[in-house]
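The values are calculated or read from the model by the stated rules, or taken from the named source; none is laboratory data. Since the structure is predicted, the reported quantities are computational estimates derived from the model, not experimental observations. Note that each Cβ is placed from the backbone with ideal geometry, even for glycine, and that neighbours are counted across all protein chains shown.
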């Protein structure tokens, strides 16, 4: 599975109707309601704000809505495209401005499906990998070398606290936990160990 790295947007026009697809990274289906409400505020003239979402490490949690389009003509085809994409932790909002021509059920299914395909073409994704949180406390004189060691294992630093020593917390791919532990033990002659928690 892959996950979305950042917001992406694409637009198509079908018989004068505009379909704006916005892909957003999410980790919980509970985030959807607020994001749909925000899209409505940003597009007050839109006729529909349809959503489709896939969440979870295996992409098993789904959510979609037709938002007053005929049943199963909007959210359903959109979520089917998402399911087939191999991307999880993603929400796609499709904002429709009606152009005056009715598309019919087949036309709607195609338009909403195409909208998702278009935004996925420009979406940046990365491999979903298991990550661990880490915390370590080191003396000031080893700060620079520790930062290099952290960089070598693809860690993302979240906080650095400078007191009598330096405490660094962050996340890294779980597969890099052992190499980091070895590097820090080597740097500190075994006097510092890294504390890990699986996310």
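Residue by residue through the range 3-25, note down the ones that are in contact with a helix residue (DSSP H, G or I) (Cβ under 8 Å, 6 or more places away or on another chain) and surrounded by fewer than 18 Cβ atoms within 10 Å (Cβ to Cβ).
9, 11, 12, 15, listed by residue number.
Looking at the range 131-153, can you tell me whether even one residue there is under 28 Å from the mean Cα position of the chain (by Cα), surrounded by fewer than 15 Cβ atoms within 10 Å (Cβ to Cβ) and closer than 17 Å to residue 5 by Cα?
Checked the range 131-153: no residue is under 28 Å from the mean Cα position of the chain (by Cα), surrounded by fewer than 15 Cβ atoms within 10 Å (Cβ to Cβ) and closer than 17 Å to residue 5 by Cα.
Can you confirm whether residue 81 is surrounded by 17 or more Cβ atoms within 10 Å (Cβ to Cβ) and not in a strand (DSSP E or B)? Give the steps one after another, and end with the answer.
Values: surrounded by 17 or more Cβ atoms within 10 Å (Cβ to Cβ): yes; not in a strand (DSSP E or B): yes.
Answer is yes for this residue.
For a quick check of your reading: which strands (runs of 3 or more DSSP E) sit entirely within the range 117-199 and have at least 1 residues that are free of Cβ contacts under 8 Å to residues at least 24 places away in the same chain and either assigned by TED's automatic domain parsing to the domain that holds residue 90 or touching a helix residue (DSSP H, G or I) at 6+ places or on another chain (Cβ under 9 Å) (or both)?
On the way: elements: 125-127, 131-138, 156-162, 166-173, 195-198.
Counting at least 1 such residues, we get 156-162.
Pick from 89, 66: which is free of Cβ contacts under 8 Å to residues at least 24 places away in the same chain and surrounded by 15 or more Cβ atoms within 10 Å (Cβ to Cβ)? It would help to see each step written out before you state the result.
Working: 89 fails: free of Cβ contacts under 8 Å to residues at least 24 places away in the same chain.
Residue meeting the stated conditions: 66.
Please work out which residue is surrounded by the most Cβ atoms within 10 Å (Cβ to Cβ), limiting yourself to the range 27-44 and to residues that are assigned to a loop (DSSP other than H, G, I, E, B) and modelled with pLDDT of 95 or more.
43
Which one of these is over 20 Å from residue 24 (Cβ atoms), touching a strand residue (DSSP E or B) at 6+ places or on another chain (Cβ under 9 Å) and not assigned by TED's automatic domain parsing to the domain that holds residue 180: 59, 100?
Unique residue meeting the criteria: 100.
For the range 1-26, give me each residue that is closer than 20 Å to residue 66 by Cβ, in a loop (DSSP other than H, G, I, E, B) and either out of contact with any strand residue (DSSP E or B) (no Cβ under 6 Å at 6 or more places or on another chain) or outside the structural domain of residue 74 (by TED's automatic domain parsing) (or both).
15
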